[in-house]
Amino acid sequence: MSGIVPDMHQHTSPVVSVPTVPEWLRLPSPGKAEPHTGLRRSLLYDLIKSRAVKSVAIRKPGCIRGVRLIHGPSLLAYLERLATEQSGEPIDQNEEAAA
């Protein structure tokens with residue numbers, strides 16, 4: 001035996017992880033959901049079209065195809081506004097993290 005025995009009566013604070021969303025999110029493939037929010041590609045395009053969230057298209061000059069990215073903080077802000085409208089009260093981020 002090594003002689004080191006852990007103290008089973010020692011209490012540690014639980015680790016609280018707050019989910020993070022990248023600054024820019026790539027749109028998921030058709031039929032797939034965005035992994036951080038679970039939102040489908042078609043709904044994300046609707047949000048882009050209605051200007052509810054910010055997005056950028058990255059493509060080479062003269063090319064039709066490219067990559068569409070959604071601004072993560074604007075998507076989270078949209079979801080926060082939606083939650084506030086539906087519940088009638090703002091969601092406290094600190095309270096959410098403690099739950």
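The values are calculated or read from the model by the stated rules, or taken from the named source; none is laboratory data. The structure displayed is predicted, hence computed values, not measured ones. Backbone-built Cβ (ideal geometry, glycine too); neighbour counts: all protein chains shown.
Only one of (1) within 17 Å of Leu82 (Cβ to Cβ); (2) out of contact with any strand residue (DSSP E or B) (no Cβ under 7 Å at 6 or more places or on another chain); (3) not aromatic (Phe, Trp, Tyr) is not met by Pro28, so which one is it?
(1)
Is at least one residue of segment 18-38 out of contact with any Ser or Thr (no Cβ under 7 Å at 6 or more places or on another chain) and modelled with pLDDT under 70?
yes
Can you tell me which of (1) more than 15 Å from the chain's Cα centre (by Cα); (2) assigned to a helix (DSSP H, G or I) is the one Leu44 doesn't meet?
For Leu44, the failing item is (1).
Can you name every residue in segment 33-46 that is of a type in the set (A, V, I, L, M) and either more than 13 Å from Arg68 (Cα to Cα) or in contact with a His (Cβ under 6 Å, 6 or more places away or on another chain) (or both)?
Within segment 33-46, Ala33, Leu39, Leu43 meet the criteria.
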